[in-house]
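Read the structure below first, then the notes.
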Amino acid sequence: MDQLKAILRIKLKLAFRMGAKNTSEIIFRIILVVFFAILLLSLSTALGFFFRNAEPDIRGHIFPAAHWIMCFIWLVIPFSPLGLNQSLHFEGLALLPIPRRTFVGALVINSLVGLNGVFIPLIIVLIPIVFGRTPIIGLAAFIISVIFWIGLLITGQLILLAFGRILASRRFADIAIVVGAIAGFLIYTSRIFLYSETIENPDLAQKIVSLKPFAVIFDFFPPGLAGWAFNSVDRGDFTGAILPLGLLVIQLVLLAILAGKLIEKFFVGELTLGSAVKSREIVTKEGREPSSGSSFARGLLGIITSTLGLCPGSIAIVAKELRYLFREPIYKVRFLNSVMMIVYLIALFLFLGRNKSGFATFGNYILPLFAYLSVVGELRLAVNKFGMDGQAIECLLLSPVSRTKLMLAKTVFGIGVFQGINILIIILAAVLLKMNFALAVLCVLAMAVGALVVEAWGNILSVYFPYKMATTSGRRGQAQFETGGCTFQFIYLLATFVTNAFALPMMALIVVPFFFGNALIGFILAPVSFLLAIWMIKYSMTFAAQKLVEREKKIIELLSRQTQ
Amino acid sequence: MNGEPVVINDHTGDALGDSYDANGQTGAYRLKKPPAVVIDGLTKRFDDFTAVDNISLAVPEGEFFGFLGPNGAGKSTTIKVLVGLITASYKNIRIAGCDLRSEPLKVKANIGVMLEEPHLYDRLTSREYLQFIGRMYGLAPGETDLRTEELLALMDLEDAANKMIIDYSTGMRKKTVLAAAMIHNPKVLFLDEPFGGIDPIASRKIKDVMNRLVRHKVTIFFSSHVMELVEKLCTSVAIIHHGQIHFHAPMSEIRASGRTLEDVFVEIAGDGHMETEELSWIN
């Protein structure tokens, strides 16, 4: 019992400290949790009133749907880079002379203490409030939900134990990003497709959902069984709830047996959580530089560096950034976030264009909108140019490369790669959506101006407010996002406003005349915008380089801070 | 401060040679060589804690200098200040003839650094990392590649040269950093606990290279806890304790006195409490 108390104490400390850099951040998180709890309670009460008089069919659909959503979120969490469930060091615990039952207790503590411990009991309490038309039905909903959640908790820990080794590997992080991006794209585009098709054929979605394999998944998996049981109780058929509830309990028991077997394997050392999966070897060919990701990337790098006549140090920094973009999962995610958003939007309008319903409404306005969104989408990376260097900033700032050239390299990378790819996507969008040629050219010009403004602000803010974007704790660590805390979120918000205040009018100067029927004015005004943007970027680089000299020790200190 | 003589005290009563010119042009420093590292009045505070307390020190060119001290004595802090990674107050610091305050980039161009806890670009391979560092120091691509391959061979990293550093063991990471510190042929090498985690074969090779570097007038500012290693490699040592230099002398003097370096270290850093503390549960 004393051992469990000690484990609980350490887990509580870890749960409170996780990712939080100071007391104010912990207080902020507590306020956030309380706020969401109150919000959920209010919503649940409102829903409860609504459902009380609703048809049983509606409740019968909502109950399993809500459990499906919870199930999906819960089972996806272990695969996300949040590490919510991984704060207890199980291998360290296995070294201690603790009996098996204490180890199981540690697993239970691990799964319950933390955000889970706040939200799961809350959700279980809210279920009867929402669905409890009568006290008996409320009690039944509560029992069903408790059984469902026990199963879900066991499954979560099972995933951790069974796949912990893979989850912690960097190769998994790489694979997850690719799979996530493809899955996300497929889900979104199929949703868009279904939406655009169902405008013409309303029964199509219903037909797909009621296909046999779908029906089995929906009915016989835990959320479906929970829904089935609740539905029976809600209709007053208590005996009808016995079968689904029984199946739910059987699944729970099977999961518990499987968990027991895995714990046993872990306990005797057959199973480990740490990553031993090595990242792929970087293939080199005889006499050639190691690959920096693709021949396209190398070609792009060559064009950028030779055009701008960069010094060897600056070229080295640009090359390093490019390699990092291909190899650091968090860098990729940050970058792909903004790119994928535009790709989804383009896909949306491509499908909407088929039945002319949405596209016609937006018409030519969408291209400037895409152009603006993709430029500003890079702001988070632009305002924290040293974020991906993290602790390795020491290497960069120990070098004798002039700080102006260093800032130049970072700026060139931002404009040349991030914004360059965005411009290519917008050109593609213009072609696919058959946009007006003059408008497309104006949009590209506006994007180039916007990119310069974003990078100019990014240079200055990067020197003043750097924060480490990613943490990878050695060989065993999974790449983790760093949020930068409340201060950065506030600064970022401010930066967004300021950048908009400068970039929007300068971009609008080029694009807006087109919508008043005079594209030529846009072309005439473009050089004015360009000159102003070039002055901004030049000034920002000089200013940032000077400040970098003054602040580099502070920057090293900020980026070298350990998170936990 | 340039040109003003700086008096070095060894706190032991042994005269070291008394004074030298901060530019290394004149003076009567015992080793009769211009100083590669000059520290005058260096103090570093972290809030209320004084990590380094007004230390002054000179290390002549081509010296294998051992910088010793117990845990938390201020060794790593001093090195981080000297290489320009953290701020501190000081009257004068000159490295390889360059003023740290007014010529920080010149200082950086002339030094190689290996810190106790090195932070590298983990997602590069060691080959890419060395090439990156070489280019950052302005080496031509061909020269960078040549030195990279030689250093990889020296450190026994050839087989792992195409793997990302993130997959390296501590020893391999240290070897990579050490190679990076040497790639641009620096005038002064700052090495903080360089041999921890490095296997004996690579360790022997590195020691040979270091001795060769010293013969070619490279100054090595070397911090370690392994007394035998310091005793064997270094030509002079200084002991820092509670942020102050308590001892600074050539190794030859220690050997001549018939004492070992460990004796001197324990005498200074042991604070006179050398009896082993009793553990109540061990009978």
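If you go through the range B:137-172 and keep only what is at pLDDT below 90, facing chain A (nearest Cβ under 10 Å) and not in a loop (DSSP other than H, G, I, E, B), you end up with B:Pro141, B:Met164, B:Ile165, B:Ile166, B:Asp167, B:Thr170.
Please tell me if A:Ala451 is modelled with pLDDT of 90 or more, under 27 Å from A:Asp389 (Cα atoms) and outside any loop (DSSP other than H, G, I, E, B). In short, yes.
When restricted to residues that are in contact (Cβ under 8 Å) with a residue 12 or more places away in the chain, closer than 26 Å to A:Leu406 by Cα and touching a Ser or Thr at 6+ places or on another chain (Cβ under 6 Å), the range B:130-161 contains 3.
Looking across the range A:508-564 at every residue that is open to solvent by 20 Å² or more (accessible area, probe 1.4 Å), hydrophobic (A, V, I, L, M, F, W, C) and within 14 Å of another protein chain (Cβ to nearest Cβ), the one that is farthest from the chain's Cα centre (by Cα) is identified as A:Val549. Of the residues making up the range A:317-347, those that are free of Cβ contacts under 8 Å to residues at least 40 places away in the same chain, within 14 Å of chain B (Cβ to nearest Cβ) and open to solvent by 10 Å² or more (accessible area, probe 1.4 Å) are A:Ala319, A:Arg323, A:Phe326.
Of the residues screened, A:Ile491 is not one that is at pLDDT 90 or above, in a helix (DSSP H, G or I) and away from every other protein chain (no Cβ under 14 Å). Figure legend. Inter-residue proximity from the range B:199-215: first residues over 11 Å from B:Leu233 (Cα atoms), second residues surrounded by fewer than 19 Cβ atoms within 10 Å (Cβ to Cβ) and of a type in the set (Asp, Glu), beta-carbon distance below 9 Å, spacing 6+ or different chains. Indicated pairs: B:Asp199/B:Asp156; B:Ile201/B:Asp156; B:Ala202/B:Asp156; B:Lys205/B:Asp156.
Taken as a whole, the structure leaves A:Val401 outside the set of residues that are within 20 Å of A:Leu509 (Cα to Cα) and open to solvent by less than 50 Å² (accessible area, probe 1.4 Å). Residues in the range B:46-61 that are open to solvent by 10 Å² or more (accessible area, probe 1.4 Å) and either in contact (Cβ under 8 Å) with a residue 24 or more places away in the chain or among the polar types (S, T, N, Q) (or both): 5 in all. Residue by residue through the range A:414-436, note down the ones that are open to solvent by less than 40 Å² (accessible area, probe 1.4 Å) and over 12 Å from A:Ile342 (Cα atoms). Listed by number, the residues that qualify are A:Gly414, A:Gly416, A:Val417, A:Phe418, A:Gln419, A:Gly420, A:Ala430, A:Leu433, A:Met435. Of the residues examined, B:His184 is one that is under 27 Å from A:Gly313 (Cβ atoms) and outside any helix (DSSP H, G or I). Residues that are crowded, with 20+ Cβ neighbours inside 10 Å and either of a type in the set (Asp, Glu) or not in a helix (DSSP H, G or I) (or both) are absent from the range B:255-265 altogether. Does A:Val498 satisfy the criteria of being modelled with pLDDT under 90, away from every other protein chain (no Cβ under 14 Å), surrounded by fewer than 17 Cβ atoms within 10 Å (Cβ to Cβ) and part of a helix (DSSP H, G or I)? The answer is yes for A:Val498. The residues of the range B:104-130 that are open to solvent by 20 Å² or more (accessible area, probe 1.4 Å) and more than 10 Å from chain A (Cβ to nearest Cβ) amount to a single one, B:Glu116.
Conditions tested, residue by residue: (1) over 15 Å from the mean Cα position of the chain (by Cα); (2) modelled with pLDDT of 90 or more; (3) open to solvent by less than 10 Å² (accessible area, probe 1.4 Å).
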{"site": "B:Val37", "(1), (2), (3)": "no, yes, yes"}
{"site": "B:Phe64", "(1), (2), (3)": "no, yes, yes"}
{"site": "B:Lys75", "(1), (2), (3)": "no, yes, no"}
{"site": "B:Thr78", "(1), (2), (3)": "no, yes, yes"}
{"site": "B:Tyr90", "(1), (2), (3)": "yes, yes, no"}
{"site": "B:Arg94", "(1), (2), (3)": "no, yes, no"}
{"site": "B:Asp99", "(1), (2), (3)": "yes, yes, no"}
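Residues being crowded, with 20+ Cβ neighbours inside 10 Å, modelled with pLDDT under 90, more than 9 Å from chain A (Cβ to nearest Cβ) and in contact with a Leu (Cβ under 9 Å, 6 or more places away or on another chain) are entirely absent from the range B:180-187.
Of all residues in the range B:70-103, those satisfying the criterion of being assigned to a loop (DSSP other than H, G, I, E, B), away from chain A (no Cβ under 13 Å) and farther than 17 Å from B:Asp40 by Cβ are B:Pro70, B:Asn71, B:Gly72, B:Ala73. Pairs are defined by a Cβ separation below 6 Å, a sequence spacing of at least 6 or placement on different chains, a first member in the range B:242-257 that is on the phi > 0 side of the Ramachandran plot, and a second member that is among the hydrophobic types (A, V, I, L, M, F, W, C); the pairs so defined are B:Gly243/B:Ala51; B:Gly243/B:Val52.
The values are calculated or read from the model by the stated rules, or taken from the named source; none is laboratory data. Note that the coordinates shown come from a computational prediction; the quantities given were computed from them, not determined experimentally. No Cβ is skipped: glycine too gets one built from the backbone with ideal geometry, and neighbour counts run over all protein chains shown. For accessibility, only protein heavy atoms count, side chains too; no ligands or nucleic acids. Shrake-Rupley method; radii C 1.70, N 1.55, O 1.52, S 1.80 Å.
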